[in-house]
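Q: Questions regarding the structure given below will be posed in turn.
The values are calculated or read from the model by the stated rules, or taken from the named source; none is laboratory data. Just so it is clear, the structure is predicted and the values come from calculations on it, not from any experiment. Glycine gets a Cβ as well: all are built from the backbone with ideal geometry, and neighbour counts include every protein chain shown. Side chains included, ligands, DNA and RNA excluded: accessible areas come from the protein's heavy atoms. Shrake-Rupley method; radii C 1.70, N 1.55, O 1.52, S 1.80 Å.
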Amino acid sequence: MDLALLRTFVTVHRAGSFTRAAALLGLSQPAVTSQIRTLETQLGRPLFLRLARGVRPTTTGEELAHKIAPHVDALLEITEAGMDEEGSRNRTLHLAGPPEFTDLRALPALAPLIAQGLAVRAAHGTAEELFESLAAGHHDLAITTSRPRGRLLTATPLCDEEHVLVAAPRWAARLGGPAVVRDKGVRALEHLPVVEVHETLPLVTRYWAAVFETEPVASGNVIAPDLRAVLSCVIAGAGLGVLPRYLCADALDTGEIVALLDPPVPPLRTYFLVVRTGTLAHPHLARAHEWLLRAAVSW
């Protein structure tokens with residue numbers, strides 16, 4: 001069978017839509033439809049059921065995808081690896097992720113590859129926004145804090161980040177220190193202003209659930225959609241905040257802020273590297289993916 005037909009079939013199977021597959025392959029929707037019909041004619045069986053929104057594989061389609069997808073990916077990898085070395089090195093990586101982690105962790109880690117000719121275009125967004133834009137082909141690689149669903153995207157755990165409950169020293173002194181917070185729990189924190197990135201208090205809520213086994217009752221006093229702004233406000237004495245340790249480690253070391261509690265098991269959040277399934281066949285993308293995984297060992 002024609003490798004191009006099989007590649008189109010696998011892409012449609014993963015995307016669940018002729019339209020989305022066409023965008024990923026750089027083809028028109030009629031071309032994708034024609035290729036699938038050709039393959040169905042060769043096999044003598046339908047591969048997809050056409051639905052109001054997208055397509056669903058038949059049992060034959062599921063069986064075929066299970067058998068050929070790994071081999072199609074491997075063949076594409078061989079094809080891509082055979083590209084001119086300089087041409088493959090001077091490719092552009094479209095990277096997206098949370099603003100703080102992308103700017104402070106991922107982009108600096110890619111600096112050696114940039115010096116070797118890799119071009120990078122970075123963007124920010126929430127996990128759902130990143131899944132959508134990645135699936136649509138707007139980005140090559142996304143860093144997210146949740147796993148995607150479905151077959152179109154593949155996630156690899158990157159690293160865990162520890163969350164720390166922090167405040168300015170004057171607030172800690174007013175509370176009486178970590179021992180008081182440990183003994184009284186959330187009751188000790190009831191009158192402290194809260195600094196967060198969103199009205200729903202995502203970081204505070206996660207911390208409260210993991211450490212205190214309850215939900216916060218306070219609303220945010222300061223809402224700033226960037227953790228670096230939250231850190232600045234906490235340092236200035238605006239209230240308590242929950243921050244990744246990597247982001248606030250320097251401020252903790254200098255005493256600008258203090259940890260209000262040191263739980264035996266600190267709350268963790270996992271980051272994932274997410275790509276469209278099969279795209280690691282592209283050398284520049286595979287290299288950046290591997291480079292970030294190596295860098296994350298020391299994060």
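Q: Given R₀ = 45 Å, FRET efficiency for residue 53-residue 256 by Cβ-Cβ distance, to 0.05?
A: With R0 = 45 Å, the Cβ-Cβ based efficiency is 0.30.
Q: Where the centre of each part is set by its Cα atoms, how far does the stretch 165-195 sit from the stretch 198-256, in angstrom?
A: 12
Q: Given the alpha-carbon gyration tensor of the chain, what are the semi-axes of its equivalent ellipsoid in whole angstrom, ordered largest first, with each equal to the square root of 5 times an eigenvalue?
A: Its equivalent ellipsoid spans semi-axes of 46, 22, 14 Å.
Q: Just for the chain, what percent of DSSP beta bridges are antiparallel, to the closest 5?
A: 65
Q: For an R0 of 45 angstrom, estimate the FRET efficiency from the Cβ-Cβ distance between residue 67 and residue 187 and round to the nearest 0.05.
A: After rounding, the FRET efficiency stands at 0.15.
Q: Taking the Cα centre of the chain as the origin and placing charges on Cβ (Lys, Arg +1; Asp, Glu -1), which of 222, 235, 259 is farthest toward the positive end of the dipole?
A: 222
Q: Sticking with this structure for a sec: Could you let me know the centre-to-centre spacing of the stretch 9-32 and the stretch 94-133, using Cα atoms, in angstrom?
A: 26
Q: Further question on the same structure: Just to be sure I follow: if Rg is taken over the C-alpha atoms of the stretch 107-221 and Rh is the Kirkwood radius over the same atoms, what is Rg/Rh?
A: For the stretch 107-221, the value is 1.10.
Q: Right, another one. I want the local charge near residue 232. Using Cβ-Cβ distances under 13 Å, sum +1 for each Lys or Arg and -1 for each Asp or Glu among the other residues.
A: In short, -3.
Q: Taking a probe of 1.4 Å, how large is the accessible area per residue of the chain, in Å²?
A: 50
Q: Could I have the simple spin-label model distance between residue 229 and residue 146, label points 7 Å from Cα toward Cβ, reported in nm to one decimal?
A: For the pair residue 229/residue 146, the computed spacing is 2.2 nm.
Q: On to the next question. Cβ under 13 Å from residue 98's Cβ, residue 98 left aside: what net charge do those residues give with Lys, Arg +1 and Asp, Glu -1?
A: -3
Q: Looking at the stretch 100-151, which trypsin sites (Lys or Arg not before Pro) are in a loop (DSSP not H, G, I, E or B) and have at most 13 other Cβ atoms within 10 Å?
A: Listed in order of number, the matching sites are 149.
Q: Give the range of the longest stretch in the chain that excludes all GluC sites (Glu not before Pro) found in loop regions by DSSP and having at most 12 other beta-carbon atoms within 10 Å.
A: 1-189
Q: With helices defined as uninterrupted DSSP H runs, which ones in the chain have an alpha carbon span along their own long axis of at least 27 Å and mean Kyte-Doolittle hydropathy of at least -1.0?
A: Long hydrophobic helices here: 59-81.
Q: I would also like to ask the following. Please give me, ordered by residue number, the trypsin sites (Lys or Arg not before Pro) of the stretch 1-58 that lie in loop per DSSP and have at most 13 other Cβ atoms within 10 Å.
A: 53
Q: Calculated FRET efficiency, residue 2 and residue 294, Cβ-Cβ r, R0 45 Å, to nearest 0.05?
A: 0.75
Q: Note down the net charge around residue 146, summing +1 for each Lys or Arg and -1 for each Asp or Glu among other residues with Cβ under 15 Å from its Cβ.
A: Cβ neighbours under 15 Å give a net charge of -1.
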